[in-house]
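The block underneath contains the structure these notes are about, expressed in structure tokens.
The values are calculated or read from the model by the stated rules, or taken from the named source; none is laboratory data. Quick caveat, the model's predicted, so the values are computed rather than measured. Backbone-built Cβ (ideal geometry, glycine too); neighbour counts: all protein chains shown. We work out accessible area using only protein heavy atoms, side chains counted, and drop any ligands, DNA or RNA first. Shrake-Rupley method; radii C 1.70, N 1.55, O 1.52, S 1.80 Å.
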Amino acid sequence: MSLPLLTAVTPRYEAQLATRLDSSRAVHVVRRCADLAELLGSAAAGIGRVAVVSADLRGLDRAAIQQLKDHDVLVLGVHRPGDEGGERMLRRWGVQVVLSADAEQPQLEGALTELVSSPQHDDGQGGSAPGTSSGGPGSAFRDRPAHPAPDRADPADGTGQGQRDEAADETDRHEGEGPSSLDALETGRGTVVVVWGPVGSPGRTTLAVNVAAELAEPDQPVILADLDTYGASVAQVLAVLDEAPGVAAASRAADQGSLDRATLSRLAIQVVPGLRVLTGMPRPDRWPELRDHAVQDVLSACADLVPVTVVDVGFCLESDEELSFDTTAPRRNGAALAALEVADHVLVVGAADPVGLQRLVRGLDQLAGVTAAATTVVVNRVRAEAIGKNPARLVREALVRFAGVEDVILVAEDQAGVDAAVLAGRTLREARPSSPARVGVREAASRVTGRELAAPRRRVLARRAAAV
Ligand SMILES: Nc1ncnc2c1ncn2[C@@H]1O[C@H](COP(=O)(O)OP(=O)(O)OP(=O)(O)O)[C@@H](O)[C@H]1O
Ligand SMILES: [Mg+2]
């Protein structure tokens, strides 16, 4: 049986290739697409069963290949003669049958036979292993130099292809940061910890930043990734002067199949020895740049590189797919959902007040449907003023009664300490080592890794813990 075939190949070899393909008995050319958009549209419309794509087709990336496969289209990759990089890239993106664009008829026939007889792949095994600007008002108050990043302007205004090109640009600029001590690090698969909590700013970022800081040691590095698509703030909190978001650059590199250890360690800016940050989207409207599969590739690459990756995500877990028939469209909550899907451990943070606790109980219900990871519940800002005398007991009782959760970590309210740390662009460990909030934060850090943390410097910490 001859299968309908689509081509999307750069002009130089297009005509010659189409003629050869058309004389094959395995396929017949039904459409010669001018660009990637036409190819994807034709595949979605079910017009072709096989697609021939060239490595240098504008806009082609791993996501596009996956889309073709999702539409049950077999993909044959071609590259310019001698272009080993193009061949490697296609294979990394999961294209299994690849040949030179000037291949003779017998080679082409062989490739088509191999393709047609192979089972459709959707294993994604190619691919890579698997910024917020702080120039805003906050910076003016800071009393220490911010963590610099090379000269980067925020190229956020573009959309579509323009935006993608700008993102590529960001990758280049990030890559100018010089060598990294991570290159020498040998790790097995690290732990991915996602910090999630319901709407109402319960303290996801505060917990993520400080858990990461407690775990980070020069010989046990941690990457803190800001994947909050509603209001990224890690760069602000840590005074990272990064106009070009690290997560966008890393996602882009993952899409291109070029997210290797060296690239990732350049993109993740070091803020203190052992603590590195992949900054988030400076403008929430750039969320479409964080595609689910690329996010998972980035986290997988992080896990290959460092023992612990801590991820700050947005509050919303609704799947937009339920609201839309276009299942290939990006989803605003996709980054959070994708991170939760690959997480090893989730820290679920809720606020210690009546509204916060009610949201936490509902959130735990919702979370159960989107992750299979181990979860630890953390209740933040525990204080008598919000729920009454003996707040720790009240929080524990409420969670047992309404959520069946017996094991909960409490983080004390410390407005002055947390404010001072943010103002200085530092972590509690650096700026307020005696903060009572550190006790719960350290307990959470130790729980997610199973690692005993070195004793804090000050005894006062233990004394204050008793007060929570
Ligand atoms: N233990 C604490 N004691 C005092 N203040 C705290 C504590 N934890 C967080 N805060 C403060 O609460 C506010 C919200 O915290 P944070 O930004 O971490 O929440 P979030 O859940 O990440 O919010 P968003 O929805 O903006 O992402 C911040 O002003 C922070 O400084
Ligand atoms: Mg936040």
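It is to be established whether one or more residues within region 216-224 are within 15 Å of ligand 2 (Cβ to nearest atom) and either under 14 Å from Val193 (Cβ atoms) or open to solvent by less than 10 Å² (accessible area, probe 1.4 Å) (or both).
yes
In this structure, is Ser42 more than 21 Å from Gln256 (Cα to Cα), assigned by TED's automatic domain parsing to the domain that holds Leu74, touching an Asp or Glu at 6+ places or on another chain (Cβ under 8 Å) and not in a strand (DSSP E or B)?
In short, no.
Return the pair list, or none, for Cβ contacts closer than 7 Å from residues in region 398-423 that are in the same structural domain as Asp365 (by TED's automatic domain parsing) to residues that are among the hydrophobic types (A, V, I, L, M, F, W, C) and surrounded by fewer than 15 Cβ atoms within 10 Å (Cβ to Cβ), at least 6 apart or on different chains.
Glu406/Val400; Leu423/Phe141
Identify all residues within region 378-397 that are open to solvent by less than 70 Å² (accessible area, probe 1.4 Å) and closer than 25 Å to Val211 by Cα; write none if there are none.
Result: Val378, Val379, Asn380, Val382, Arg383, Ala384, Ala386, Pro391, Ala392, Leu394, Val395.
Okay, residues lined up against (1) over 30 Å from Gly190 (Cβ atoms); (2) modelled with pLDDT of 95 or more; (3) more than 16 Å from ligand 2 (Cβ to nearest atom):
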| residue | (1), (2), (3) |
| --- | --- |
| Val346 | no, yes, no |
| Pro354 | yes, yes, yes |
| Gln366 | no, no, yes |
| Arg381 | no, yes, no |
| Leu394 | yes, yes, yes |
| Ala398 | yes, yes, yes |
| Val405 | no, yes, yes |
| Asp419 | yes, yes, no |
| Pro433 | no, yes, yes |
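So which of Leu21, Leu5 is modelled with pLDDT of 90 or more, buried (at least 20 other Cβ atoms within 10 Å of the Cβ) and not in a strand (DSSP E or B)?
Result: Leu21 is the single residue among Leu21, Leu5 that is modelled with pLDDT of 90 or more, buried (at least 20 other Cβ atoms within 10 Å of the Cβ) and not in a strand (DSSP E or B).
Anything in region 233-259 that is small (Gly, Ala, Ser) and either assigned by TED's automatic domain parsing to the domain that holds Leu90 or assigned to a loop (DSSP other than H, G, I, E, B) (or both)? List them, or say none.
Scanning region 233-259 gives Ser233, Ala239, Ala244, Gly257, Ser258.
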